[in-house]
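Chemist: Take a look at this one; I'll ask things after.
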């Protein structure tokens, strides 16, 4: 906090926003709650499983592309191949 005060004195009154940014940066950041992180992960997993079921039942390519677009919004790193892999394994049995 003392360093931020010294910098604020050097900057002058015209750069209030920069001074506020420096003060905020000096404060320690809190860690995200583990409970909310777990809830977010479970919700994402449930949504992906719902999209998988709808993808398996989809009749047209337009429906499938729409579902893939929704999938990309939910999980950016998941590819279509990994998304459809459990469906192909299920069809093989």
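Chemist: Among rounded, prolate and oblate, which fits segment 34-93 when a ≥ b ≥ c are the square roots of the eigenvalues of its C-alpha gyration tensor, a/c under 1.5 means rounded, and a/b larger than b/c means prolate?
Modeler: Verdict is prolate for segment 34-93.
Chemist: Using a Förster radius of 35 Å, what is the FRET efficiency between residue 69 and residue 30 based on their Cβ-Cβ separation? Nearest 0.05, please.
Modeler: Rounded to the nearest 0.05, the efficiency is 0.55.
Each reported figure results from applying straightforward, stated rules to the coordinates on display, with no laboratory input. No experiment lies behind these values; they were computed from the predicted model shown. All Cβ positions, glycine included, derive from the backbone under ideal geometry; neighbour counts span all protein chains shown.
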